[in-house]
1. Would you tally the residues in segment 142-157 being in contact with a strand residue (DSSP E or B) (Cβ under 8 Å, 6 or more places away or on another chain), modelled with pLDDT under 90 and loosely packed, with under 15 Cβ neighbours inside 10 Å?
2. Against the definition (crowded, with 19+ Cβ neighbours inside 10 Å and in contact with a helix residue (DSSP H, G or I) (Cβ under 6 Å, 6 or more places away or on another chain)), how does residue 136 come out, yes or no?
3. Taking the condition more than 15 Å from the chain's Cα centre (by Cα) and in the same structural domain as residue 50 (by TED's automatic domain parsing), does residue 117 pass?
4. Taking segment 84-93 as the region of interest, how many residues are touching a residue at least 60 places away in the same chain (Cβ under 8 Å) and either surrounded by fewer than 18 Cβ atoms within 10 Å (Cβ to Cβ) or closer than 15 Å to residue 121 by Cβ (or both)?
5. Considering each residue of segment 163-188, count those that are closer than 24 Å to residue 124 by Cα and touching a residue at least 24 places away in the same chain (Cβ under 8 Å), and give that number.
């Protein structure tokens, strides 16, 4: 009988610890992003407004990464790591000349103390070099782009995701006047 009483006391103590520990874990988890898509915020920009037919232009996707998280760069150091990529779905009359991914930076993490990873943190700008052909449809145009990445923190990685981003622009007749936009984004270096 004494053993049964002792077992019940230990069980009650374990349940109390579990409940209080669970409450702490829940309050910490409530502040954490629930999905990889919540770890980043994207903003799309175009280098010209409007874009005349026959003109080269660029689109930029600025990715703001939540504090405490990182994404693998476009060229991660190990083949099993998922690179960050942009996949534009170009409408007729828009052609892609190049995709510009900035170099990541090397950083060590607790889960890989001996080998640094090549990652993006805080904010990264990914750019598409594009051209509006003579056949590009006049008027408002959207270029759907898919941003693929895997977000990780110091202890775990979230599942890889594909996030849709829409680049909005106006196509006008060849020779029309246009204005350079967002020089703070598009005059940056073009290293890959």
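The values are calculated or read from the model by the stated rules, or taken from the named source; none is laboratory data. Because the structure is a prediction, the values reported are computed rather than measured. When we count neighbours, we look across all protein chains shown, and the Cβ atoms used for this are built from the backbone with ideal geometry, even at glycine.
1. Here the count works out to 1.
2. no
3. yes
4. Number of matching residues: 4.
5. 12
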